[in-house]
1. Please go through the range 38-78 and pick out each residue that is closer than 15 Å to PRO8 by Cβ and not charged (D, E, K, R).
2. Looking at (1) at pLDDT 85 or above; (2) of a type in the set (S, T, N, Q); (3) touching a strand residue (DSSP E or B) at 6+ places or on another chain (Cβ under 9 Å), which is the one condition that is false for GLN85?
3. Going by the conditions given, is ARG57 at pLDDT 70 or above and either surrounded by 14 or more Cβ atoms within 10 Å (Cβ to Cβ) or in a loop (DSSP other than H, G, I, E, B) (or both)?
4. Considering the range 34-44 alone, what residues qualify as being at pLDDT 80 or above and either part of a loop (DSSP other than H, G, I, E, B) or within 14 Å of PHE78 (Cβ to Cβ) (or both)?
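The values are calculated or read from the model by the stated rules, or taken from the named source; none is laboratory data. From a predicted model like this one, the values you see are computed outputs, not experimental measurements. Ideal geometry is used to build each Cβ from the backbone, glycine not excepted, and the neighbour counts take in all protein chains shown.
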Amino acid sequence: MVDASELPWRVLSRRYSAELCYTPMFHAANYIKDATYRRENFPDTGDLEQGSPEFDRPLFVQFCANDINAFRLLFYFFRIFNQLQYGCKNGGGSLRRS
């Protein structure tokens, strides 16, 4: 869901037996270059830790990119992911956090 799958929605969905959730679509280039964009869109510390093993997994984190190198650099930020998928018809892809 576009702009409707932030952490509160995922927590609520899991409370009602959702087994897998997705993040909103993030821009890979912005995520790599801008610490504020990362912190505001996918905080990975504190009470609102996205992808927390305790309450937010498994989780598909979605990124769009028109530059394959920007897409590959995401692995430096997300080393715990176990799957990289290419081929969204809009030129995006997703990483799966298990």
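1. Result: ASN41, PHE42, PRO43, GLY46, LEU48, GLN50, GLY51, SER52, PHE55, LEU59.
2. The failed condition is (1).
3. Details: at pLDDT 70 or above: yes; either surrounded by 14 or more Cβ atoms within 10 Å (Cβ to Cβ) or in a loop (DSSP other than H, G, I, E, B) (or both): yes.
Criteria met by ARG57.
4. Here is the first cut: in the range 34-44, the ones at pLDDT 80 or above are 34-43.
Listed by number, the residues that qualify are ASP34, ARG38, ASN41, PHE42, PRO43.
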